[in-house]
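The values are calculated or read from the model by the stated rules, or taken from the named source; none is laboratory data. Computed from a prediction, not measured in an experiment: that's the story for all the values here. Counting neighbours? That spans all protein chains shown, and the Cβs are built from the backbone with ideal geometry, glycine included. In case anyone asks, the SASA skips ligands and DNA or RNA and just uses the protein heavy atoms, side chains included. Shrake-Rupley method; radii C 1.70, N 1.55, O 1.52, S 1.80 Å.
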Amino acid sequence: MFNSRKMNIESFDSHYNVPMKQYSAACINIPLKKNWSDSWCALPETFDHCLDKILHFEVRPRDVFVVTFMKCGTTWMQEAAWLLLNDLNFEKSKEKRILERSPFLDFIGLLPPGSGLELDPLKLTEQLPDPRLIKSHMPANLLPSQIWQKKQKTIYVARNIKDVIVSSFHFVQHGMWKGDSIADYVNNFINDEIHWTPFWTHIVDFWKMRNESFIFFVTYEEMIKDLPGVIRRLCQFLNRPTLTDAELNRLVAHLSFGKMKDNRQANLTEMMKETFPDVPENFQFMRRGIVGSYRDELTPELQAKIDTWTASVLAKHGLTEKDIFGEL
């Protein structure tokens, strides 16, 4: 059972194909205790018809979930975790796209009408053998409730806010948000009017649960800095055999940004163009993958605006950005 309410966004006509709403759900089994019924998330109103299916998704004992806010290294982590769960079967990974090997639950509310069942995440997950690796951008209280009831293994990846804003600004050009002004996008983002916002609530809730035995919390920046170390920890979390040096080196090479961008089964650029009619010709699902690249696109004024907003939000939790990410 979920709650929903309309959003008053003046820019609907110019920036959104589908009206946006806010959704929440009370989940009594989440380890972090708060009023989850009052923890809202912005989503298109198409979720009116499918959010219950996500909340009541049937979880199998060996399921693993990858949860992130969008553009936080989700696909990177999916590819790493999928290969660990499948005994480093690189040949098998070449047979299907990552969205088929590791379905995106939220896709059920985002697919355009008439797109067919081949990308329906519920159908895909039904057909997958165990262990299944399942992706979502949902905040804690809009994830399948059985994750919390069964303490299902969940990998959470966080990324610094300014890189997320720039990366998601380019990503949403496929039709989730229409506009060419990054200043307008920043305003919509910090006002919690973009898909899956509010951003900081999403991250802080999982950061506060990072010590739960079934949650693996890591940052994109840590993956950039020490991918071998992250993979070793991930092996332990997933109860996989310790990798030999040769296996680890091969996996790290496979997961390099250049290899991932060239990998048609991991880089979803072509799939996005085939599926969504509004995707521009120059759209790139994977763009740069560089920490701090926001400096090339955000003016000093926009950076200061985001920093002020961030400090204000995190102060309510007694936190700073450094507490979560360390030195950026």
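The table for this structure:
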| item | result |
| --- | --- |
| GNM flexibility winner over the chain from 258, 179, 318 (Cα, springs under 10 Å) | 318 |
| Whole-Å semi-axes of the ellipsoid equivalent to the range 125-269 (Cα gyration tensor, √5λ, descending) | 28, 21, 16 |
| Of all DSSP beta bridges in the range 2-325, antiparallel share, percent nearest 5 | 35 percent |
| Length released on extending from residue 303 to residue 191, taking residue separation times 0.36 nm less the Cα-Cα span | 38.8 nm |
| Fully extended contour minus Cα-Cα distance, from residue 242 to residue 295, at 0.36 nm per residue | 15.2 nm |
| Cα centre as origin, Lys/Arg/Asp/Glu Cβ charges: the range 66-220 dipole, Debye | 360 debye |
| Share of carbon and sulfur in the accessible heavy-atom surface of the chain [1.4 Å probe, %] | 48 percent |
| Protection proxy ranking of 1-8, 305-312 - average other beta-carbon atoms within 10 Å, highest first | 305-312, 1-8 |
| Cross-link partners of residue 6 among lysines (Cα-Cα below 22 Å; sequence separation of 8 or more within a chain) | 21, 53, 178 |
| ³J(HN,Hα) computed for each position of the range 298-308 - Karplus, 6.51 cos²θ - 1.76 cosθ + 1.60, integer Hz, glycine/proline x | 9, 5, x, 5, 5, 4, 5, 4, 5, 5, 5 |
| Ranked by how many other beta carbons lie within 10 Å on average, peptides 192-199, 125-132 from highest | 192-199, 125-132 |
| Convex hull of the chain built on C-alpha atoms - directionally averaged projected area, nm² | 15.8 nm² |
| Pairs beyond 24 Å (Cα-Cα), from 135/208; 92/259; 259/305; 92/151 | 259/305; 92/151 |
| The range 1-140, Cα convex hull volume normalised per residue, Å³ | 137 Å³ |
| Burial order of peptide ranges 200-206, 41-47 (average beta-carbon count within 10 Å, highest first) | 200-206, 41-47 |
| Rel. contact order, % - alpha carbon contacts under 8 angstrom, at least six apart, the chain | 22 percent |
| Eligible aspartates and glutamates near residue 34 by straight Cα distance, threshold 15 Å, same-chain separation 8 or greater | 205 |
| Value of Rg/Rh across the range 36-116 [Cα atoms, Kirkwood radius] | 1.00 |
| Alpha carbon centroid spacing (whole Å) that separates the range 2-65 from the range 130-166 | 13 Å |
